[in-house]
Amino acid sequence: MNGAPHIGAGFTFIRGDVYARFKRMQGFNVLFPQAFHATGEPIVGAVKRLEKGDKSQEQAFKIYGASEKNLKDFVKKGPKFVAKFWKKRWIEDLQATGLSIDWRRTFITTSMTPTYSRFVEWQYNTLKARGYVTQGTHPVVWCPKCRSPTGDHDRLEGVGESPTEYIIIKFKLTSGEMLPCATLRPETMYGATNIWIDPDVEYVRAEVNGEKWILSKTAVKKLKDQLKEIKIIDKVKGSELIGKACENPVTKTKIPVLPAKFCDTEIATGIVVSVPSHAPYDWIGLEELKADKAQQKKYNIEKIVRAVEPISIIATEGFGEHPAKEICEKLGIKTQKDADKLEKATESLYKKEFHTGTCKKNCGRYAGMKVSEIKEILVEDFTDEGIADKFWETTATVVCRCKTKCHIKILENQWFLKYSDPKWKEQTKKWIRKMKFYPEDARKQFDSTVDWLHDKACTRRSGLGTPLPWDKEWIVGTLSDSTIYMAYYTLAKTLNEKKGKIKAEQLTDEVFDYIFFGKGDAAKLAKSSRLDKKIIEELRNEFDYFYPVDMRTSGKDLVQNHLTFFIFHHIAMWDDQERWPRSIGVNGYVNVAGEKMSKSKGNFRPLRDLVKKYGADLVRINIVASNENMDDADWRDESVQTYNSRINYLFELASELKKAKGKGRKEGEGKTAQNRNIEMYMESRLQELIKSVTDSYEQMKFRSAAQSTLFGLTNELKAYIDRMGGVANCNKNILAQVVEAVIKLIAPLMPHIAEELWASMNKKSFVSIEKWPVAQVEKINKKIMQLEDTYKKTREDIKQVAKLAKADNHLCLYFATDEELEYFRASMENLKKLGFKKISVFKSTDPKAYDPQDKAERAKFGRPGIFIE
RNA sequence: GCCGGAGUGGCGGAAUGGGUAGACGCAGUGGACUUAAAAUCCACUGGAUAGUUAUAUCCGUGCCGGUUCGAGUCCGGCCUCCGGCACCA
């Protein structure tokens, strides 16, 4: 609720409306509701930015039509006012767009509607009691100054970066102190030849969970937030450690500490283990050190350096003994200062070795195994042996809006939804197999989302929302408080009507259990909650009548979160699968003329502006018919005109309808065989199209529905009128039947225009509540359709031939079947309009036929022979 | 990087239990009507060559390879774009 609807949101909502209207016409009692989600940070953040005079935030609100005065009010009256302000605008705009929403059921989440908050509390109490909510630790990107998690929107730098886990391998100096080396490739420890330390950096000695570690100062700060007991003892200069020996805990061999400049104290512990055979940085570092006699002499490590030799431990196809060496040579890397190239080399070698590499004989118990297969086991093994530990780091630098550099903090006491629960997952997956998805492609996405989903943090510390009932310091997260809100719609009408009379606290967990689960006794609950028994029963009945959700439709970005959670939570809350969701519709985003809509580009389209410019119906059909799969839809101003001209045609036709003479159906009575044929054809086509359009609506394929109706059916209508020689010669009953069907078939898409057309045909009812046409399949005459199609096609061919032959004297047609001969004879009047002086028709087998070029023998069913002279 | 989806004319996009690629619409070109314009109507419209007929031949669905009598569709390997990746909603 930090703006009014734009055409993108409009797309999703109009699709819902079209479907609701379609179902209503099919005779269903449709509950089509709309509520407003005002939880979390966005509005709070927007108001804060307004307070600071943020121009782009002002602009964002102004695009949707907020005035200067409104903006002042936003700051003065705060986030809840902003939410209510935009809620009002939303309702106005959606009404102007003709959305048939039951506004009696609207509400605004969560804390702004205390009864809804109560509903969230009931849900979480229930989930907790059933074991779906647990508490645990959780790494987050953390700003030490703000003392809060730093979401993407709170970042100056590092949008999209997330926590990643380094493995610390503890190398032991002879003094017993540990050199904790952080690595993403613990499997390479078998090839470690030395430790790198920056001689010019000041490290610290610290007591970490009872052990003595040497590490960078920054690392100490970070580890304090990662559940480590840590105390700094004193400082130690890097140079003091150079030349010392330590034990590789994996191989138990002794390796030396050597100097290098690429040890970044901002990353992990600031101490690096060197695997020159497989790490480009280490290879170059060692090469340079071996060449740098002065440096060796400075630290008195000549002998030690000479003894260091790369150890090859991974065999990878396409590489020899020392892959790091090869890749450095290939990319022309000569110095450790060539950071860009080194990063690239490291990345590509890592990938290659991880996916295709095999451990050589010198890799202990992992010898002969694939790198990709051992990684996880190895980390577990090392951790069990007490030689490894973890260090969380951001995937790249993250800077908070307050300009402070962020690191990873492991949050304790965070509440989680246990989406990892195998039983819950299995139930959800099973149900996904039974549900319907539009388009069908979406099913796979839901299925794989369930697969990778693991425990999800469901509470947060700040923003609008409902406090967790048993731990009020936390607020239920914005995704987690809106999983089963559809159930609340069934109550919302009654709760809104009785506003003030029903207090949130009267809706106890037991009352909700009764309403939603049918558990308990209404009379007893009435007593304990002091609610009217009738009201309790009314709420129960409303829920019982409407539930489950038959259709939920939303944007594709919500598949991997909201929409999947929606399925999960219904399964967790209701034992009875009769209450579980039946189908989900998914649509793409909306581009404007092929480009992403953006406030700064100037191609931003608030729904209100478009409706003002084009009227609701043209906006509706222009966006809804622009696309019907999960790809992005496209708003194009110029295509509005196309629909407009079709509508004009329908209005003209409706007004001309009375000119039709309305002849009877039987031959004789002034009706020719030709007319009877064409009428049968028109009726067949109509029924066929009713069937396919209904199927399209059913599957939310509104583009196909609009196309078949507005272009397919009206094209047939035009052809019919043309073939009959104008409206006046048409059968009034047939014409009216087709036009009425067209109006009904477009009614869900263009409700206002449909009503207007309906009225112009002297109908007294509303078409929006008329019966949806049901295809009369028995009226579809395949033979006639085939013959008429042959006729149309042949007529085109004749024109083509006449053009190439440059002749119009004598047209001869040869037919393979009597049916065709008959049909064409009946259509002679129409055929004559082609302008030939003489027309002859023959059976192809007729020996007496005039056939100078032997065209008769080439005639096939559906393809008569043509000769023109 | 990981998971999922997609890539077809000038454009939006049809067609996938393998079987005539380009339905329908837009734009474009030519013509009719009009003093003119708009609107409307008719014809053409992936590329190339040939043609007194209804066509014929070849090339064409992101790239490379494969399976098959036959591949937009299936398989393997890439490239590009979109969505999600968890304290943004």
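Around A:Gln296, what is the net charge, scoring Lys/Arg as +1 and Asp/Glu as -1 over all other residues with Cβ under 10 Å from its Cβ?
Value of the local net charge: +4.
Each label was represented as a point 7 Å from its Cα along the Cα-to-Cβ direction; for A:Asp575 and A:Glu202 these points are 6.7 nm apart. In this structure, A:Lys298 and A:Asp441 have a Cβ-Cβ separation that, at R0 = 45 Å, corresponds to a calculated FRET efficiency of about 0.10.
When the charge dipole of chain A is built from unit charges on Cβ atoms (+1 for Lys and Arg, -1 for Asp and Glu) and taken about the Cα centre, the candidate among A:Leu735, A:Gly555, A:Tyr545 whose Cα reaches farthest toward its positive end is A:Leu735. Annotation: for a label point projected 7 angstrom from Cα along Cα→Cβ of A:Arg863, residues of segment A:829-849 with backbone N closer than 17 Å are A:844-845. Sequentially through segment A:36-51, phi angles give Karplus couplings (6.51, -1.76, 1.60; θ = phi - 60°) of 10, 9, 10, 10, x, 9, x, 5, 4, x, 4, 5, 4, 5, 4, 4 Hz, Gly and Pro residues having no value and appearing as x. Ordering A:Arg579, A:Arg685 by the number of other Cβ atoms within 10 Å of each residue's own Cβ, fewest first, gives A:Arg579, A:Arg685. When the Cα positions of A:Gly10, A:Leu717, A:Asn125 are compared along the charge dipole of chain A, A:Leu717 comes out farthest toward the positive end, with charges on each C-beta of Lys, Arg, Asp and Glu. With Cα atoms as the point set, chain A shows a radius of gyration and Dmax of 37.8, 120 Å. When only the Cβ of Lys, Arg, Asp and Glu is charged (+1, +1, -1, -1), the dipole of chain A relative to its Cα centre reaches about 2280 debye.
Pick out, from A:Val398, A:Tyr438, A:Leu411, the residue whose Cα sits farthest towards the positive end of the charge dipole of segment A:391-459, with +1 on the Cβ of Lys and Arg and -1 on the Cβ of Asp and Glu. Farthest towards the positive pole: A:Tyr438.
The phi-based Karplus calculation (6.51 cos²θ - 1.76 cosθ + 1.60; θ = phi - 60°) puts the 3J(HN,Hα) values of segment A:746-755 at 9, 4, x, 7, 10, x, 6, 5, 4, 5 Hz, whole numbers, x for Gly and Pro. Amide H to amide H distances under 5 Å link A:Ile233 with A:Arg205, A:Ala206, A:Glu207, where only residues 5 or more positions off or on other chains count and H is placed in the peptide plane.
Averaging 1/r over every pair of different alpha carbons in segment A:282-386 and inverting the result gives a Kirkwood radius of 15.7 Å. Magnitude of the charge dipole for segment A:480-632, about its Cα centre and with charges confined to Cβ atoms of Lys, Arg (+1) and Asp, Glu (-1), is about 780 debye.
Counting Lys and Arg as +1 and Asp and Glu as -1 over every other residue whose Cβ lies under 10 Å from the Cβ of A:Met25, the net charge comes to +4.
Sorted from greatest to least, the principal axis extents spanned by the alpha carbons of segment A:550-603 come out as 50, 16, 12 Å. Would you mind pulling out the separation of the Cα centroids of segment A:726-770 and segment A:309-351, in Å? Cα centroid of segment A:726-770 versus Cα centroid of segment A:309-351: 74 Å apart.
Straight Cα distances below 15 angstrom link A:Lys69 to the aspartates and glutamates A:Glu51, A:Glu58, with same-chain residues fewer than 8 positions distant left out. Ranking of A:Leu156, A:Leu558 by neighbouring Cβ atoms within 10 Å, starting from the fewest: A:Leu156, A:Leu558.
Please give the Cα centre distance for segment A:563-593 versus segment A:126-189, rounded to the nearest Å. When both Cα centres are located, 32 Å separates them. Applying the Karplus relation 6.51 cos²θ - 1.76 cosθ + 1.60 with θ = phi - 60° to segment A:198-203 yields 3J(HN,Hα) values of 7, x, 8, 9, 8, 9 Hz, where x marks Gly and Pro.
Relative protection proxy for A:235-242, A:506-513, from highest mean packing down: A:506-513, A:235-242 (other beta-carbon atoms within 10 angstrom). For segment A:225-346, relative contact order (Cα pairs under 8 Å, six or more residues apart, normalised by length) works out to 23 percent. Each of A:Leu453, A:Leu749 was scored by other Cβ atoms within 10 Å of its Cβ. Arranged with the fewest first, they read A:Leu453, A:Leu749. Within the shell defined by Cβ-Cβ distances under 14 Å, the residues around A:Gln34 carry a net charge of +4, with Lys and Arg each +1 and Asp and Glu each -1.
Loop-located GluC sites (Glu not before Pro) in segment A:304-402 (DSSP state other than H, G, I, E, B) with a sparse environment of at most 11 neighbouring Cβ atoms within 10 Å: A:Glu317, A:Glu321, A:Glu385. Here chain A carries DSSP beta bridges of which approximately 75% are antiparallel, counting only pairs with both residues inside.
Bear in mind that the values in this text are calculations on the coordinates, not laboratory data. Computed from a prediction, not measured in an experiment: that's the story for all the values here. Glycine also receives a Cβ, built like all others from the backbone with ideal geometry; neighbour counts cover every protein chain displayed.
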